[in-house]
Amino acid sequence: MSFEKDLARLEQIAAALDRADLSLDESLALFEEGIKRLRDASDALAKAEGRVTTLVEQANGALEERDAGN
Amino acid sequence: MTRRDAAPGESPETAFPVAALTQMAKEVIEGAFPPLWIRGEVAGFKSHGNGHWYFTLKDATASVSCVVWSRDTLRIPAPPDEGMQVMAQGQLSVYPARGQMQFMVRALEAEGEGLWRKAFEATRARLEKDGLLDPARKRPIPRFPRRVAVVTSADGAALHDILSVIARRNPSVDVIVVPAAVQGETAPASLIAALDRVARWGAADVVIVGRGGGSREDLWAFNDEGVARAIAACPVPTISAVGHEVDVTIADLVADLRAATPSAAAEAAVPVLEELVEWLASLRQAMRTGVQRRVVQARRDLKRWAGDLSLRAARSVERRRSRVQELAGRIDALSPLNTLARGYAVARDAQGHALGSAAAFQVGQAFALVLRDGQVDASVTAVRPGAPPSAGGAVR
């Protein structure tokens with residue numbers, strides 16, 4: 001869910017930077033944070049291929065992902 | 001004809017027990033009538049405590065007793081209403097305990113979609129009463145899910161459609177298949193268990209629950225009240241995707257989002273990767289622009305403040321300088337040397353102390369008079385206290 005949070009935060013940051021009522025320090029700190037989150041989000045998207053797995057329940061009720069097709 | 005030759009039932013001695021008669025009648029009737037559909041009007045419906053249903057099917061001139069065994073009631077969406085025109089499929093038989101003809105119903109359909117509609121509305125009313133259909137309950141679907149859970153048949157067309165749509169739109173998204181039976185008597189329990197697994201697992205961003213199109217009966221698990229409640233209870237936002245566009249199911253009403261088909265559900269769940277990348281780029285640009293504008297503004301502010309500051313500093317120096325000049329003028333004006341310059345003299349004793357009063361002089365005392373251009377040595381010839389000739393005690 002952190003990807004979703006990153007993007008929500010990014011929107012907040014872009015909107016805040018668009019307002020003129022921030023101090024320079026605040027603006028720079030926000031920008032720095034935004035660039036970091038942007039990089040995390042881009043890295044997540046750059047992941048070559050998502051996995052397709054099957055959620056399997058074991059006898060003890062534990063849940064685990066297994067590669068589909070196995 | 002001897003008694004020995006009498007066939008069973010031909011004489012009092014070979015009389016059938018009643019049970020044998022009804023058993024024979026049962027076998028004969030069941031053998032004579034294959035399973036078949038009959039139509040008629042429902043009368044005297046009773047649901048017995050053991051789960052079996054009893055009613056009579058009749059028309060203007062005839063009637064037949066009907067029974068639905070409890071295990072068969074599970075396949076019938078709802079009990080029929082009194083007077084309802086129905087078609088019943090089953091086996092004609094005999095109920096030995098009463099020696100009565102009885103139709104054992106396996107399937108029941110009302111004219112039109114009567115029973116389905118009735119069951120649908122009843123379930124809908126119960127869910128509505130519990131607030132589960134309240135639009136305010138609907139949660140937003142996350143816009144950028146990374147992990148999509150799919151509750152459906154592991155080998156159905158729905159799963160295939162969903163996987164290919166997601167792979168096309170955004171191959172970086174993970175798909176977690178949670179297999180479930182989607183039709184038949186086991187489907188509701190299986191769907192509920194799968195949704196429970198998704199809930200306990202907790203790592204999905206969104207869950208698609210559905211199946212491809214089918215008959216009303218095929219889709220019926222998605223009208224099951226328990227399935228609806230499991231969807232409502234799922235902590236992960238839900239997208240329903242059942243059959244084709246025309247079929248609205250109870251699951252559709254409860255889910256956070258209704259998609260018309262499994263493919264549409266996948267499209268609703270997963271944004272296209274390129275659009276996402278573009279959107280990130282536009283966010284980056286917006287942030288750049290914002291912070292650059294702020295920096296430019298800060299630079300401008302700084303320049304203005306610097307100009308302001310040097311102006312204030314110059315003014316402040318100027319103010320101090322004029323104050324110094326004014327003080328210097330005043331000090332100059334008060335200087336005794338100035339007084340001497342105007343022609344006054346100061347009397348001093350031998351030690352150089354100024355003699356400012358007549359009382360400081362004694363007759364015969366030597367003293368000096370300091371003037372603007374030199375000193376005169378003198379001695380006192382007389383002392384006369386009294387009013388001075390002018391202020392200052394100086395001698396002219």
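The values are calculated or read from the model by the stated rules, or taken from the named source; none is laboratory data. Note that the coordinates shown come from a computational prediction; the quantities given were computed from them, not determined experimentally. Cβ atoms come from the backbone with ideal geometry, glycine included; neighbour counts cover every protein chain shown. Accessible surface is based on the protein model in full, side chains and every heavy atom, while ligands, DNA and RNA are left aside. Shrake-Rupley method; radii C 1.70, N 1.55, O 1.52, S 1.80 Å.
Which of the following residues is without any contact (Cβ under 8 Å) to a residue 24 or more places away in the chain, open to solvent by 40 Å² or more (accessible area, probe 1.4 Å) and under 27 Å from the mean Cα position of the chain (by Cα): B:Arg147, B:Arg169, B:Arg197, B:Arg143?
Working: B:Arg147 fails: without any contact (Cβ under 8 Å) to a residue 24 or more places away in the chain; B:Arg169 fails: without any contact (Cβ under 8 Å) to a residue 24 or more places away in the chain; B:Arg143 fails: without any contact (Cβ under 8 Å) to a residue 24 or more places away in the chain.
Step by step, each of B:Arg147, B:Arg169, B:Arg197, B:Arg143 is checked, and only B:Arg197 is without any contact (Cβ under 8 Å) to a residue 24 or more places away in the chain, open to solvent by 40 Å² or more (accessible area, probe 1.4 Å) and under 27 Å from the mean Cα position of the chain (by Cα).
Where residues in region B:200-218 are surrounded by fewer than 21 Cβ atoms within 10 Å (Cβ to Cβ) and farther than 27 Å from A:Ala44 by Cβ, which of them is farthest from the other protein chains (Cβ to nearest Cβ)? Among residues in region B:200-218 that are surrounded by fewer than 21 Cβ atoms within 10 Å (Cβ to Cβ) and farther than 27 Å from A:Ala44 by Cβ, the one farthest from the other protein chains (Cβ to nearest Cβ) is B:Arg216. Scanning region B:128-174 for residues that are over 27 Å from B:Glu274 (Cα atoms) and charged (D, E, K, R) turns up B:Glu128, B:Lys129, B:Asp130, B:Asp134, B:Arg137, B:Lys138, B:Asp155.
Among residues of region B:150-161 being out of contact with any strand residue (DSSP E or B) (no Cβ under 7 Å at 6 or more places or on another chain) and in contact (Cβ under 8 Å) with a residue 12 or more places away in the chain, the one that is least open to solvent (accessible area, probe 1.4 Å) is B:Asp161.
Being modelled with pLDDT under 80 and within 18 Å of B:Ala149 (Cα to Cα) is the filter; apply it to region A:45-66 and report the residue that is surrounded by the most Cβ atoms within 10 Å (Cβ to Cβ). Here the answer is A:Gly50.
Could you please find all residues in region A:34-44 being modelled with pLDDT of 85 or more and either exposed (fewer than 15 other Cβ atoms within 10 Å of the Cβ) or at the interface with chain B (Cβ under 7 Å from one of its Cβ atoms) (or both)?
Answer for region A:34-44, where residues must be modelled with pLDDT of 85 or more and either exposed (fewer than 15 other Cβ atoms within 10 Å of the Cβ) or at the interface with chain B (Cβ under 7 Å from one of its Cβ atoms) (or both): A:Gly34, A:Lys36, A:Leu38, A:Arg39.
Scanning region B:237-261 for residues that are open to solvent by 10 Å² or more (accessible area, probe 1.4 Å), touching a residue at least 60 places away in the same chain (Cβ under 8 Å) and touching a Gly at 6+ places or on another chain (Cβ under 9 Å) gives a single hit, B:Thr261.
Screening region B:70-84 for residues that are loosely packed, with under 15 Cβ neighbours inside 10 Å and free of Cβ contacts under 8 Å to residues at least 60 places away in the same chain and picking the one that is nearest to B:Glu217 (Cα to Cα) gives B:Arg71.
If the condition is being open to solvent by 100 Å² or more (accessible area, probe 1.4 Å) and not in a helix (DSSP H, G or I), then region B:328-362 contributes B:Arg342, B:Arg348, B:Gln351, B:His353, B:Gln362.
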